[in-house]
Each structure stands twice: as structure tokens, then as C-alpha cells.
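What follows is a single structure, written as C-alpha cells, with notes after it.
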Amino acid sequence: MEAHGKIIAVLPAQGGVSQRTGNTWRSQMYVLETSEQYPKKIPFDVFGEDRINQFNIVQGEELTIHFDIDGSEWNGKWFAKIRCYNVSRGTGQQPAQSPAPAPAAAPSPQPATQQAPSNGVSPFPPPQPENGGGSDDSDLPFS
């Protein structure tokens, strides 16, 4: 999965020693705010000192994060974790946004509800006549 936005918070790095393996670990959390009509704030973490240094995420920069979502259980409670595994900077998101307005600006020959989907099966029933040719009571689904 991926999300594009601006980094609004860089939290302090955390670290420790794994009880299972004895290896040291380091993790850092960031918050990305999307640039949609209703912006979302996405807290995510980067695990591993090498990735933290490689990504070099700073507050205020625009970027696209690529992430996985996972959950874990602790003492009968479940927690969600958003872990970033790659970062794209600069023009990575711009080409995807530029062509989008062009199809919307072109007039459609048919209303959207009458266009058949690519699989050939319409999710809507065929249009019915306004009055059904009879009295108003005849179009009721029950008698």
C-alpha cells in the first residue's frame, strides 16, 4: 500500500536489545498528513537503523510512503502497526495526478449509470418506465 503527503511529525527514535535474539534494534515513528479534501494523519514507523538512515525523513517534506499493515495481540488487546518499507520523493506522485483531470473534463456520450462494466454485467437493473403504463397503484411491489 502507499500514501502521499507531508511529514508533520518526527518522533524520537526508540531502541533496545531483543530478548529472543540478543540483537540490538531501532525504530522511529513519523506522522504523514495526506493532501486530500479531508486530510488524514497516518502514524507509521520505520524499523532498523539502516532504513532510518537510508530514508532520512525530515519534518515538512512531501513524500510517498510504501507500507504494510499488521496487527499484534498483547494481554488480550489487539494493536495495528503501519510499517514503512520504502520511500519515494519528488516527482513520484506528480505524473499520476496530472493526467487525472483530462478524462473527467471530456464529456461522456452516455450517463455513467448506463455504461456497461468491463465484465459485461450491469450492477443496476434495466430502467423502468415512469408510470408503467397503468395506474399509480400498479407499480407497487405489493398488493
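Quick rundown of the values:
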{"quantity": "Phi to ³J(HN,Hα) by Karplus 6.51 cos²θ - 1.76 cosθ + 1.60 over the range 72-81, Hz, x for Gly, Pro", "calculated": "9, 10, 9, 6, x, 10, 9, 10, 8, 10"}
{"quantity": "Farthest positive-ward along the range 2-93 dipole, Cα basis, beta-carbon charges - from Tyr38, Ile52, Leu11", "calculated": "Leu11"}
{"quantity": "Within the range 2-93: Cβ-based charge dipole about Cα centre, in debye rounded to nearest 20 (Lys, Arg +1; Asp, Glu -1)", "calculated": "200"}
{"quantity": "For the range 2-93: rounded, prolate or oblate by the Cα gyration tensor [a/c cutoff 1.5]", "calculated": "oblate"}
{"quantity": "Set of lysines near Lys40 by C-alpha distance (under 17 Å), chain-local residues within fewer than 8 positions excluded", "calculated": "Lys6, Lys81"}
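Throughout, read-outs are computed from the coordinates displayed, never taken from laboratory work. No experiment lies behind these values; they were computed from the predicted model shown. Cβ coordinates were reconstructed from backbone atoms using ideal geometry, including for glycine residues, and neighbour counts include every protein chain displayed.
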